[in-house]
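Notes follow the structure.
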Amino acid sequence: MTINKNLIPDQDWDFKVLKRQILKDKGFDCNQYRDNYVKRRLAIRLRANNVDSYKDYAILLKRDPTEYDELIEALTISVSEFFRDASVFEYFRKTVIPVLIQDKRRKNQKIIRIWSAGCASGEETYSIAILMRDFLGANLGNFLIFVHGTDIDDESMEKAKRGEYTFEELKNVGKGFLSRYFIFDSGKYRVSDKIKGIVKFEKHDLVSGKPLAHFDVIFCRNVSIYFSRDMHKKLYMEFYNALNNDGFFVMGKTEMLCGSARKLFIPVNAREGIYQKKVAKEDTGHPIPTHIHPR
Ligand SMILES: C[S@@+](CC[C@H](N)C(=O)[O-])C[C@H]1O[C@@H](n2cnc3c(N)ncnc32)[C@H](O)[C@@H]1O
């Protein structure tokens, strides 16, 4: 079904009313997403329900609130992969992790906190945890590693917590990692406790959730593409504030910093979407840039 363009004035009004209803009933703020994106996702649900106006869809949602689950699912596309964009993880492993560890040693700090924001079903979070654990090896005991995966989608969070994946879902995981960090059980691969022990999943809405803080690295990849420009600006500033000094921000390869955040982050490897929190000299006593020479 295509939305009839002749109906636009009414539909525009009904679209606003529908967005307000969704916010009131489910706390999901469509206004923070791009309108075109929300309309495209709504069109899928209208088609699935054989409904041809936003007004009728709003009535349907009232009559059958279970449709909200389908709608939120459609609005929050949870496609992900282990080690998605291999070159990003390769750079993270080879360059960012060693710098991070060296910095922690220099500062005599043990705690390393990493946030995988909008982590879908845990693939990104577990990929990070595997790299951290593998890099530290016998030195793991010298550090306290926390890899925090958050997402707005309940179903994704459930799957992430289970940590069970098919062979197909693990196609990007090398044989070494597969044998060291997964257990084959009843036709599926389960993430081992060695990795689960450093990972925590929690439902969190990047739009309306409480601000999180004190992270050494934040990954937020392929999430902000759906957000409005204002939300983009707000989100990047929130990440900036949530990072420790010299902390790293990893964004999707097709995403771009905007607003004040553009001046606050140093590109470490812009091609791979990796940035570092820039702290004014007078705040830290250290020169800028800190450790990695920008590319
Ligand atoms: C395309 S996936 C990206 C997953 C992973 N970061 C990656 O790059 O493979 C986008 C994820 O963002 C989540 N998401 C969308 N809006 C969100 C919000 N307001 N708060 C938290 N997560 C959100 C979706 O549920 C979905 O799991």
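FYI, it's all coordinate maths here, none of it is from the lab. What you are looking at is a predicted structure, and each value in this text was computed from that prediction instead of being measured. FYI the Cβ positions are ideal-geometry reconstructions off the backbone, even for glycines, and counts take in every protein chain you see.
Could you tell me the distance between the Cα centroids of the stretch 181-250 and the stretch 101-122, to the nearest Å?
Value for the Cα centre distance between the two parts: 11 Å.
Which shape class, rounded, prolate or oblate, goes with the chain when its Cα gyration tensor gives a ≥ b ≥ c as root eigenvalues, a/c under 1.5 marks rounded, and past that a/b bigger than b/c marks prolate?
oblate
Between Arg20 and Asp64, how many nm apart are label points set 7 Å from Cα along the C-beta direction?
2.6
Do me a favour and compute the ellipsoid semi-axes for the stretch 8-75 from its Cα gyration tensor, root of five times each eigenvalue, largest one first, whole Å.
For the stretch 8-75, the ellipsoid semi-axes come out as 15, 14, 12 Å.
First obtain the Kirkwood hydrodynamic radius of the stretch 148-197 from its Cα pairs, then insert it into the Stokes-Einstein equation at 37 °C and 0.692 mPa s, and state the resulting D in µm² per second as a whole number.
Rounded, D is 283 µm²/s.
Suppose every Lys and Arg Cβ carries +1 and every Asp and Glu Cβ carries -1, with no other charges. What dipole size does the stretch 86-284 come out with about its Cα centre, to the nearest 20 debye?
Result for the stretch 86-284 is approximately 700 debye, rounded to the nearest 20.
List, in the order given, every pair from Lys196/Lys278; Lys161/Lys188; Lys175/Lys196; Lys159/Lys196; Lys161/Lys194 whose Cα-Cα distance in the structure shown is over 24 Å.
Where the Cα-Cα span goes over 24 Å, the pairs concerned are Lys196/Lys278.
Grab the other residues whose beta carbon is less than 14 angstrom from that of Lys16, score K and R as +1, D and E as -1, and report the net.
Around Lys16, the surrounding residues sum to 0.
Check cross-link reach from Lys16 to the lysines: straight Cα distance under 25 Å, and skip same-chain residues fewer than eight apart.
Lys5, Lys24, Lys26, Lys39, Lys55, Lys62, Lys233, Lys234
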